[in-house]
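Have a look at the structure below before the remarks.
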Amino acid sequence: MSTNFDLIVIGSGPAGYEGAIYASQLGMKVALIEKDPTLGGTCLNVGCIPAKSMLQSALMLDKAKKFASYGVKIAGSDNPELDFPQVNKRRDEIVKTMTNGVSFLMKKNKVEIIRGFGSISGKGQVDVTSDGKKTTYTCKNILVATGSRARHLPHIKVDGKSIVTSEEIWAWDKVPETMAVLGGGVIGCEFASAYGRYGSKVTIIEMADQICPTEDHETAAELTKALKKQNCEVLTSVKTKSVTAKGNKVEVVLEGENSPRVFEKVLLSVGRAPNVENIGLEKVGIKLNDRGFIDVDLKTYQTNIPGIYAVGDVIPTPQLAHTGSSEALYAVDIIAGKKRHPINYLTNPAAIYTYPEIASIGYTENQLKKAGRNYKSAKFPFTAIAKARIDDIADGFVKILIDPKYGEVLGVHIVNTKASEMIAEFALGNNLEMTIEDLAHTIHPHPTVSEIIKEAAHAVMGHPINM
Amino acid sequence: MATQNVLMPQMGESIQEGTLTRWHKKLGDKVQREEILFEISTDKVDTEIPSPVSGVLVQIFAKEGETVSVNTVVAVIDDAAAPGSVAQAPAEKPAAPAPASVSAEVASASSSSDSSSRVLASPLARKMAEEHSVDLSKVQGSGEGNKIVKNDVLAALETGKSVSPLVASAAAAVVSPAAKSSSEHMKATGGGAEGIVDGVRVSRVPMTGMRKKIADHMVMSKRTSPHVTSVIEIDLQKIVDVRAKFKDKFEAVHGFKLTFMPFFLHAVIEAIKAVPVVNASIDGDAILYKKDINLGCAVALDWGLIVPVIKNSSERSFVGLGRELNNLAEKARNKKLAPEDVRGGTFSISNYGGFGTVIGQPIINQPQVAIFGIGAMQKKPVVINDAIAIRTMCYCVLSFDHRVIDGSDSGKFLSTVKSVLENWNVPVV
Ligand SMILES: Cc1cc2nc3c(=O)[nH]c(=O)nc-3n(C[C@H](O)[C@H](O)[C@H](O)COP(=O)(O)OP(=O)(O)OC[C@H]3O[C@@H](n4cnc5c(N)ncnc54)[C@H](O)[C@@H]3O)c2cc1C
């Protein structure tokens with residue numbers, strides 16, 4: 001059997017499935033190949049969605065503890081407790097609904113789903129192996145969206161039980177009393193923030209001199225403070241020497257310390273490796289960069305082989321769901337012969353869903369300093385915003401960095417429970433090349449938490465109003 | 001096929017972008033490694049860029065006159081392609097025809113000079129255009145839906161093509177009411193480069209990219225650092241005598257002329273060692289003391305000013321300093337400076353004395369914190385031991401950033417220079 005498609009997409013993560021839908025909507029005959037039983041990739045199955053569900057439960061627990069202070073009395077609610085099996089059940093239901101939703105969208109958009117492991121066997125040719133059977137499909141274009149997996153370290157053996165990555169952790173049926181999080185990046189901090197609030201004693205061990213090393217130093221410092229209040233010990237500039245499972249415990253030896261620290265569980269969270277193995281890249285001669293990601297031309301997302309494109313976590317751009325899906329829609333436009341203005345990655349927002357959240361866009365202050373750029377910076381605290389106090393989310397600040405010459409917004413860093421929602425305003429603004437005046441002169445509704453954006457804009461222009 | 005991207009090089013650390021002024025090769029041309037591929041202009045330097053590899057120029061992303069950020073891909077060279085073959089580049093810069101509705105809008109806008117607001121442009125692009133009197137209706141947009149974005153205005157500023165004299169004088173009218181009628185007059189006289197502004201006959205010539213960048217850099221520096229300039233008078237008679245005595249031998253042995261500059265370079269290095277804060281920069285609330293002394297020496301050119309840098313100056317001998325300065329000046333005049341040659345300066349020297357200027361107040365080359373200036377050498381009657389003698393004298397100055405350097409530091413610096421020059425004891429040949 002060999003059906004000729006206009007486009008074959010390998011991988012059904014947010015990059016792959018959104019690209020497939022869009023291509024079909026543009027009139028292409030599209031196939032989507034997925035090796036796992038459910039669609040949706042890392043994001044829907046073991047990434048963004050379950051993680052955010054788990055964090056929401058932690059937030060609800062925090063809120064429940066405060067009901068009395070809001071003037072709400074619920075019988076027997078003086079001492080709210082976490083029902084961990086229910087946390088997992090709710091999460092699984094959400095994941096199931098969303099992954100089924102992707103299957104439904106595929107049908108609705110007439111994308112053919114092919115189950116099995118896809119690999120490129122030539123130009124315009126993809127083999128799919130399922131239950132040991134191989135079928136070859138031909139097509140005009142291939143979109144590689146095979147995503148990424150949790151990175152392992154050679155000296156640490158992940159056993160899937162007491163030593164896990166973000167892929168196995170979902171199987172935990174109880175909250176461990178103690179856990180170590182190796183790697184204080186985005187994913188590590190999210191798990192630490194959730195489990196810390198569930199009641200675990202968490203130790204974050206980060207090699208760099210701050211957690212979330214790609215974030216602004218001030219937001220990282222603020223998050224560190226917050227995590228400490230959530231049962232988390234934060235160690236930075238510390239390397240792990242060895243991790244050994246011993247019975248029900250795990251011994252972790254840190255560099256500079258001889259006696260091991262003992263934890264019930266360990267989460268290894270040291271970044272994500274691109275899925276580039278066994279998918280036929282070498283057969284057609286697709287080039288990887290020196291870090292093992294697929295090299296693409298960022299003006300087309302085409303690899304060095306014409307007709308073969310790659311997007312999402314397999315290419316060396318930010319490993320975020322929304323980044324991958326934007327790249328996929330872009331690549332499909334190029335395949336359809338449309339002209340596109342290159343994606344400006346400085347308008348690509350990032351968010352961390354800890355408590356409080358961190359969201360950012362553009363440059364950090366240290367990056368600007370290092371580049372010797374002229375900039376102005378201002379920080380406006382949420383404590384000055386009435387609605388933030390009403391909602392009891394007055395933690396954090398908005399920090400804006402601008403180029404004083406024309407008022408171009410170079411970077412924004414928000415620490416607050418609503419940060420991920422608020423950063424979208426800057427994503428739009430930066431995409432339209434707004435100036436700081438545009439932001440300050442935009443009327444924001446009162447009272448809202450997002451009023452702070454206007455306030456911070458006034459602050460960076462030198463005249464904060466409500467402070 | 002093996003392709004190699006050609007990047008806009010980094011020419012000096014504070015430089016974010018450069019203007020591609022001329023392509024020496026066309027699409028499809030064969031090019032040899034090290035052969036000149038294009039010329040660029042930045043605020044520090046105009047230079048020719050050699051090709052990184054041999055092959056065929058298969059893609060060009062930056063047009064002549066376009067300003068692009070450092071490390072942007074400006075072209076692609078294929079080392080296996082046959083000459084004349086050109087890659088299909090689906091996403092080449094949209095020189096493509098605009099959608100009908102937009103081009104109609106642009107066309108109607110260009111018919112009147114004050115209609116920039118009807119052109120599709122980003123707020124940032126609009127603001128930049130307003131400040132620099134760029135007529136947006138004459139700018140080609142490269143953004144989504146052919147919107148004019150920041151880079152398009154920067155490119156227009158570079159070429160100067162879209163800077164409309166009419167719009168410019170209309171802007172001036174806001175400041176001076178009298179100017180309104182003169183802009184009318186200018187329209188009457190043809191609106192070209194010749195005109196009358198405020199009753200004065202003028203000819204308007206757009207600044208070159210280099211001049212504009214020098215201007216920006218100077219204004220930025222004056223805004224950044226509170227400048228103070230101290231002056232000292234130095235007796236150069238001993239130096240004049242030493243040079244006269246050795247100059248023929250020096251040229252015979254070393255193959256280049258012995259000028260006064262190496263004497264000053266040596267004295268300045270000694271003074272920097274005595275007062276290290278002049279060889280520093282400010283980083284937030286900290287002072288970065290530079291361990292290397294990299295002296296930038298301003299070289300005047302017919303078409304502007306360049307500041308090549310003598311790396312590791314303090315580790316060079318007297319002859320080594322002279323030779324490196326000679327090399328760099330030569331390269332600057334031949335537009336052969338490499339990115340490395342203008343990068344990493346930690347302290348600068350300006351020698352305006354060559355034109356007879358006695359005292360100057362040079363502007364600090366950011367992010368440095370001080371600059372040394374050398375005035376003209378003059379024979380003067382001076383009092384030595386209560387007797388009048390004729391000596392060769394010179395005023396030297398230090399402009400310094402008063403945020404980190406105090407008058408006492410500058411005094412110590414200048415007196416060290418003076419003492420080294422007046423008591424010269426370094427062998428020169
Ligand atoms: C715990 C966690 C939390 C996260 N939270 C966020 C967040 O809040 N926001 C955010 O933006 N991002 C988040 N991410 C990152 C986000 O999940 C990824 O950036 C995103 O999923 C990448 O999408 P993708 O389509 O490139 O690849 P993936 O989602 O990894 O999908 C790739 C798919 O391809 C399939 N596949 C691979 N190889 C083959 C093959 N040969 N044949 C067939 N199928 C194949 C895989 O089974 C998978 O389904 C998180 C990640 C993790 C792990």
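The values are calculated or read from the model by the stated rules, or taken from the named source; none is laboratory data. All of these numbers come straight from a predicted model, not from anything done at the bench. Positions of Cβ are generated from backbone atoms using ideal geometry, with glycine treated the same way; all protein chains shown enter the neighbour counts. Calculation scope for accessible area: heavy atoms of the full protein, side chains included, ligands and nucleic acids excluded. Shrake-Rupley method; radii C 1.70, N 1.55, O 1.52, S 1.80 Å.
Condition check ((1) closer than 27 Å to B:R22 by Cα; (2) loosely packed, with under 15 Cβ neighbours inside 10 Å) across all residues:
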| position | (1), (2) |
| --- | --- |
| B:L295 | no, no |
| B:A298 | yes, no |
| B:I306 | yes, no |
| B:V309 | yes, no |
| B:N312 | no, yes |
| B:F318 | no, no |
| B:R323 | no, no |
| B:N326 | no, no |
| B:D341 | yes, no |
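Restricted to segment B:223-341, the set of helices (runs of 4 or more DSSP H) holding at least 3 residues that are more than 30 Å from B:R403 (Cα to Cα) comprises B:237-254, B:318-333. Among the residues of segment A:321-334, those that are open to solvent by less than 50 Å² (accessible area, probe 1.4 Å) and either more than 12 Å from chain B (Cβ to nearest Cβ) or closer than 21 Å to A:G280 by Cα (or both) comprise A:A321, A:T323, A:G324, A:S325, A:E327, A:A328, A:A331, A:V332.
Within segment A:375-391, residues that are within 17 Å of A:A459 (Cα to Cα) have Cβ atoms under 9 Å from residues that are among the aliphatic types (A, V, I, L, M) and open to solvent by 60 Å² or more (accessible area, probe 1.4 Å) in these pairs: A:F380/A:M467; A:P381/A:M467; A:A384/A:M467, counting only partners at least 6 apart in sequence or on another chain. Taking the criterion of being farther than 23 Å from A:E365 by Cβ, touching a strand residue (DSSP E or B) at 6+ places or on another chain (Cβ under 9 Å) and open to solvent by 10 Å² or more (accessible area, probe 1.4 Å), would at least one residue in segment A:207-214 satisfy it? Checking segment A:207-214: not a single residue is farther than 23 Å from A:E365 by Cβ, touching a strand residue (DSSP E or B) at 6+ places or on another chain (Cβ under 9 Å) and open to solvent by 10 Å² or more (accessible area, probe 1.4 Å). It is to be established whether one or more residues within segment B:296-307 are in contact with a Cys (Cβ under 9 Å, 6 or more places away or on another chain) and away from chain A (no Cβ under 14 Å). Yes; the residues of segment B:296-307 include at least one that is in contact with a Cys (Cβ under 9 Å, 6 or more places away or on another chain) and away from chain A (no Cβ under 14 Å). Would you pick out the residues in segment A:322-351 that are more than 27 Å from A:M422 (Cα to Cα) and within 14 Å of the ligand (Cβ to nearest atom)? A:A331, A:V332, listed by residue number. For first residues located in segment A:101-122 and within 10 Å of the ligand (Cβ to nearest atom), partners that are of a type in the set (D, E, K, R) and part of a strand (DSSP E or B) and lie 6+ apart or on another chain with Cβ distances below 6 Å form the pairs A:S119/A:D127. Has segment B:16-39 got at least one residue that is within 14 Å of another protein chain (Cβ to nearest Cβ) and at pLDDT below 85? Checked against the condition, which is being within 14 Å of another protein chain (Cβ to nearest Cβ) and at pLDDT below 85, segment B:16-39 yields at least one hit. If the condition is being within 14 Å of the ligand (Cβ to nearest atom), open to solvent by 40 Å² or more (accessible area, probe 1.4 Å) and in contact (Cβ under 8 Å) with a residue 12 or more places away in the chain, then segment A:276-319 contributes A:N278, A:K283, A:P316, A:P318, A:Q319.
Filtering A:T178, A:T146 for residues that are among the hydroxyl-bearing types (S, T, Y) and within 16 Å of the ligand (Cβ to nearest atom) leaves a single hit, A:T146. For segment A:46-65, the condition of being modelled with pLDDT of 95 or more, within 16 Å of the ligand (Cβ to nearest atom) and open to solvent by 70 Å² or more (accessible area, probe 1.4 Å) holds for at least one residue.
Listed by first and then second residue, the pairs with beta-carbon distance under 8 Å, at least 6 apart or on different chains, first residue in segment B:233-250 and without any contact (Cβ under 8 Å) to a residue 12 or more places away in the chain, second open to solvent by 30 Å² or more (accessible area, probe 1.4 Å), are B:K247/B:K257.
Do the conditions hold for B:I371, that is, is it assigned to a strand (DSSP E or B) and without any contact (Cβ under 8 Å) to a residue 12 or more places away in the chain?
Numbers: assigned to a strand (DSSP E or B): yes; without any contact (Cβ under 8 Å) to a residue 12 or more places away in the chain: no.
In short, no.
A search for C-beta distances below 9 Å between a residue of segment A:401-423 that is farther than 21 Å from A:E222 by Cβ and any residue that is of a type in the set (D, E), counting only pairs 6+ apart in sequence or on different chains, returns A:K405/B:E131; A:K405/B:D216; A:Y406/B:E131; A:G407/A:E437; A:G407/A:D438; A:E408/A:E433.
Going residue by residue through segment A:67-90, is there one that turns out to be of a type in the set (A, V, I, L, M), within 16 Å of the ligand (Cβ to nearest atom) and within 27 Å of the chain's Cα centre (by Cα)?
yes
The set of residues in segment A:234-262 being acidic (D, E) and open to solvent by 70 Å² or more (accessible area, probe 1.4 Å) consists of A:E255 alone.
Condition check ((1) farther than 18 Å from A:K201 by Cα; (2) of a type outside the set (S, T, N, Q)) across all residues:
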position	(1), (2)
A:L235	no, yes
A:K239	yes, yes
A:G247	yes, yes
A:S269	no, no
A:R272	yes, yes
A:P306	yes, yes
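Beta carbons closer than 6 Å, at least 6 apart along the sequence or on distinct chains, pair a first residue in segment A:25-37 that is within 16 Å of the ligand (Cβ to nearest atom) with a second that is hydroxyl-bearing (S, T, Y) for A:V30/A:S24; A:L32/A:S12; A:E34/A:S12.
Yes or no, residue by residue, for (1) more than 21 Å from A:A351 (Cα to Cα); (2) among the hydrophobic types (A, V, I, L, M, F, W, C):
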residue: A:S420; (1), (2): no, no
residue: A:E425; (1), (2): no, no
residue: A:E437; (1), (2): yes, no
residue: A:M461; (1), (2): yes, yes
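The set of residues from segment A:262-272 being more than 11 Å from the ligand (Cβ to nearest atom) and more than 13 Å from A:L182 (Cα to Cα) comprises A:V262, A:E264. Here A:Y17 does not fit the description of being in contact with a helix residue (DSSP H, G or I) (Cβ under 6 Å, 6 or more places away or on another chain) and more than 11 Å from the ligand (Cβ to nearest atom).
Cβ-Cβ contacts under 8 Å between residues 6 or more apart (or on different chains), taken from a first residue in segment A:431-460 that is at positive phi to a second residue that is open to solvent by less than 30 Å² (accessible area, probe 1.4 Å) and in a helix (DSSP H, G or I), are listed as A:E433/B:L124; A:E433/B:A125. Take A:E257 and decide whether it is farther than 25 Å from A:L44 by Cα, among the acidic types (D, E) and either modelled with pLDDT under 95 or within 10 Å of the ligand (Cβ to nearest atom) (or both). Criteria met by A:E257.
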